[in-house]
Amino acid sequence: AGHWYCPACTCNVCHEQIAEHERVKCSDHDCKKSYHIRCLEPPLDEVPVGRWYCPACPCNVCHEQIAANEGVKCRDHDCKKRFHIRCVNPPLDEVPAGRWYCPACGCSVCHEQIAENEMVKCSDQDCEMSYHIHCLNPPLDEVSGDWYCPICTQPQRTVDRGSPPVVPPPPPPQARNLDI
């Protein structure tokens, strides 16, 4: 009979043991799949450095595989979304260091997690943008009733959400209303 190897030591394609120097492991902590670099399609020449997502963990926007250091995963414990940095709305220039939250779970300006009492979510049913009320320009003291984000209220807005939006930068720290 054959030998049994743990899932992290076994290729998800050929199901054989993987030597450490030829193993690539998915960066998604919920996935735990590993592969020989030669079994991937297309095969990799070497083990990628940095974050790498396997073919079973594609981008939630374009549904394509995420190459090394081109993707982010939301750190909200209830959210499993992964994105190319180019597919995030608005797009990111690079993979952020530390914890990052997707537009549905974090502030669309500072990308930090939002507590319920300091958050405002766009009322447009097709928009996932959320904001800290103090990151808006100008900052808000409170929101009651329907509220639409800066992207949805742009006069030139079209139904096509494929174009990157322009999100206003947060006000300088001294101008923010921190009395929330």
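As a summary of the residue check, CYS59 satisfies the conditions (1) part of a loop (DSSP other than H, G, I, E, B); (2) at pLDDT 90 or above; (3) more than 20 Å from GLY98 (Cα to Cα) except for the one numbered (3). Screening VAL49, VAL109 for residues that are in contact with a strand residue (DSSP E or B) (Cβ under 7 Å, 6 or more places away or on another chain) and either touching a residue at least 24 places away in the same chain (Cβ under 8 Å) or farther than 22 Å from ILE151 by Cα (or both) leaves exactly one candidate, VAL109. From the list VAL61, VAL49, the one residue that fits, being farther than 17 Å from CYS11 by Cβ, open to solvent by 30 Å² or more (accessible area, probe 1.4 Å), among the β-branched types (Val, Ile, Thr) and in contact with a Phe, Trp or Tyr (Cβ under 8 Å, 6 or more places away or on another chain), is VAL61. Looking across THR158, THR153, one residue alone is assigned to a loop (DSSP other than H, G, I, E, B), of a type in the set (S, T, N, Q) and modelled with pLDDT of 85 or more. It is THR153.
When region 9-30 is limited to residues that are in a strand (DSSP E or B) and under 19 Å from GLY71 (Cα atoms), the one that is least open to solvent (accessible area, probe 1.4 Å) turns out to be VAL24. Here ARG99, ARG38 are screened, and the one residue that is over 30 Å from HIS15 (Cα atoms), open to solvent by 70 Å² or more (accessible area, probe 1.4 Å), in contact (Cβ under 8 Å) with a residue 12 or more places away in the chain and not aliphatic (A, V, I, L, M) is ARG99.
For region 103-133: of the residues being part of a loop (DSSP other than H, G, I, E, B) and in contact with a Pro (Cβ under 8 Å, 6 or more places away or on another chain), which is surrounded by the most Cβ atoms within 10 Å (Cβ to Cβ)? Residue satisfying both the conditions and the ranking: SER108.
The values are calculated or read from the model by the stated rules, or taken from the named source; none is laboratory data. What you are looking at is a predicted structure, and each value in this text was computed from that prediction instead of being measured. Cβ: placed from backbone, ideal geometry, glycine included. Neighbour counts: every protein chain shown. Heavy atoms of the whole protein, side chains included, go into the accessibility calculation; ligands, DNA and RNA do not. Shrake-Rupley method; radii C 1.70, N 1.55, O 1.52, S 1.80 Å.
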